[in-house]
Amino acid sequence: MSIPSAAPGAFTLGPSLLFCPGSMPARFDKAAARADAVIIDLEDAVAAVDKPAARIDVARALDVGAAAGAEEDHSEPSLDPATTLVRLNAGDPEELEADLQALDDAGVRHVVVPKAADVAVLDRLHAAMPHAGLIPQIERPDGVLAASALAAHPAVEALFWGTEDMTAALGGTTSRTPDGALRGALQHIRHIVLITAAAHGVAAVDATSTELRSRPRLTADAEEAWASGFAAKACIHPDQVEPIRREYMPAPADVERAKALLAAAPSSPAAFRFRGEMVDAPVVAQARRVLARYDAGREHHEDRGRRRRDADEAE
């Protein structure tokens with residue numbers, strides 16, 4: 001029996017997805033206000049002894065966030081389910097069961113599935129959370145080999161990947177070269193994730209950078225991610241949010257060119273001359289994507305301003 005699709009038709013989160021430990025509820029509001037969406041981590045970022053309390057805190061914050069439309073003034077930590085991704089303990093059956101029980105009525109809409117490799121785990125999550133979009137995180141070699149099967153699952157809305165677990169699983173010692181670039185094997189895996197996601201019509205989310213001091217490297221990574229087709233990029237520190245966001249916001253010259261190109265495009269698909277270049281349907285599609293990203297960036301900017309004001313007033 002086929003599983004009805006639960007994933008949204010388009011991945012609209014991002015471009016900056018900020019990790020926040022589930023055991024630190026005092027940071028929930030700030031993290032959510034700072035980034036475009038927040039990844040609340042119940043897995044690696046939370047010690048085993050702290051997981052029971054973290055589950056309770058996350059479930060409560062999602063409840064408060066869901067009710068915020070009716071009652072804007074609240075002093076408890078809150079998380080908007082629409083812009084919150086929860087990373088579960090998918091690799092440990094007992095911990096995963098505890099996660100699912102604690103979040104049963106929390107209205108979770110986006111689930112990050114770490115160390116994903118087994119489609120049966122996606123089936124289990126979909127059965128427990130039928131209205132949540134699933135985001136498998138490819139962090140091990142077996143996940144790379146299973147990427148196509150994972151992306152084909154009807155509840156999946158995006159593929160995500162990770163560098164440090166992957167490096168350890170490959171037997172490596174560092175994920176980057178001395179100049180900060182990803183090592184060749186990881187670049188290859190990154191490309192596989194992007195291509196596989198596109199082949200199955202789902203979004204791709206780029207991995208985090210653990211280097212907090214090198215702003216030029218983060219900027220270069222974010223620019224390359226946006227230009228290559230990654231819908232969003234994850235980050236681990238609030239200071240990484242703005243560089244990602246800036247690189248995902250098309251430059252004024254690019255916006256002007258896209259508007260002019262679309263205005264000059266013929267109504268029926270055909271190659272045409274534009275500013276000394278021959279342009280055809282794929283280039284028109286790229287121009288539409290530039291304008292869509294620009295419009296989304298402006299909308300997110302207005303929404304972020306409102307959320308940051310609310311967070312500041314709640315303090």
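Taken together, the values in this text are just the output of simple stated rules run on the coordinates, not laboratory data. These numbers come from a predicted model, not from an experiment. Heads up, the Cβs are rebuilt from the backbone with ideal geometry, glycines too, and the neighbour counts pull from every protein chain shown.
How much mean residue ellipticity at 222 nm does the chain get from its helices, if each DSSP H run of length 4 or more adds -39500 (n - 2.57) and you divide by all residues, to the nearest 500 deg cm²/dmol?
Numbers: 12 runs with 146 residues, N = 315.
Dividing the helical sum by the residues of the chain leaves -14500 deg cm²/dmol.
In whole angstrom, note down how far apart the Cα centers of region 152-186 and region 213-271 are.
22 Å
For the chain, what proportion of DSSP beta bridges, expressed in % and rounded to the nearest 5, is antiparallel?
Roughly 15 percent of the beta bridges in the chain run antiparallel, per DSSP.
Kindly provide log₁₀ I(q)/I(0) values, in the same order as q = 0.19, 0.20 Å⁻¹, from the Debye equation applied to equal alpha-carbon scatterers of region 239-287.
One equal scatterer on each Cα of region 239-287 leads to -0.65, -0.69.
To make sure I understand, if each residue's beta carbon is the centre and we count other beta carbons within 10 Å, what order do Tyr294, Tyr248 fall in, fewest to most?
Result, fewest neighbours first: Tyr294, Tyr248.
Over region 33-159, how many percent of alpha carbon pairs lie in each 10 Å bin up to the one with the longest distance?
Going out from 0 Å in 10 Å bins, region 33-159 shows 13, 44, 32, 9, 1 percent.
Exposure proxy check: Lys259, Lys233, Lys30, Lys115 ranked by fewest other beta carbons within 10 Å?
Going from sparsest to densest Cβ surroundings: Lys259, Lys30, Lys115, Lys233.
Can you work out D for region 166-221 in µm² s⁻¹ from Stokes-Einstein, where Rh is the Kirkwood radius over C-alpha pairs, the temperature is 10 °C and the viscosity is 1.306 mPa s?
Using the Kirkwood radius from Cα pairs, D works out to 127 µm²/s.
For the chain, set up a Gaussian network in which alpha carbons nearer than 10 Å are linked by springs, and say which option among Glu247, Glu94, Glu277 fluctuates the most.
Maximum fluctuation in the GNM of the chain, among the listed residues, is at Glu277.
Give me the lysines in straight-line cross-link reach of Lys259: C-alpha distance below 29 Å, same-chain residues under 8 apart excluded.
Lys233
Over the chain, with a Gaussian network built from C-alpha contacts below 10 Å, which listed residue (Arg176, Arg124, Arg257) shows the highest mean-square fluctuation?
Arg257
Of (1) 16.4; (2) 18.5; (3) 21.8, which one was derived for mean projected area of the Cα convex hull in nm² from the structure shown?
Read-out taken from this structure: (2).
Based only on other Cβ atoms within 10 Å, what is the fewest-to-most ordering of Val49, Val119?
So the ranking, lowest neighbour count to highest, is Val49, Val119.
Could you order peptides 190-197, 58-65 by the average number of other Cβ atoms within 10 Å of their residues, highest first?
Values: 190-197: 20.1, 58-65: 22.0.
Ranked from most to least packed, the peptides come out as 58-65, 190-197.
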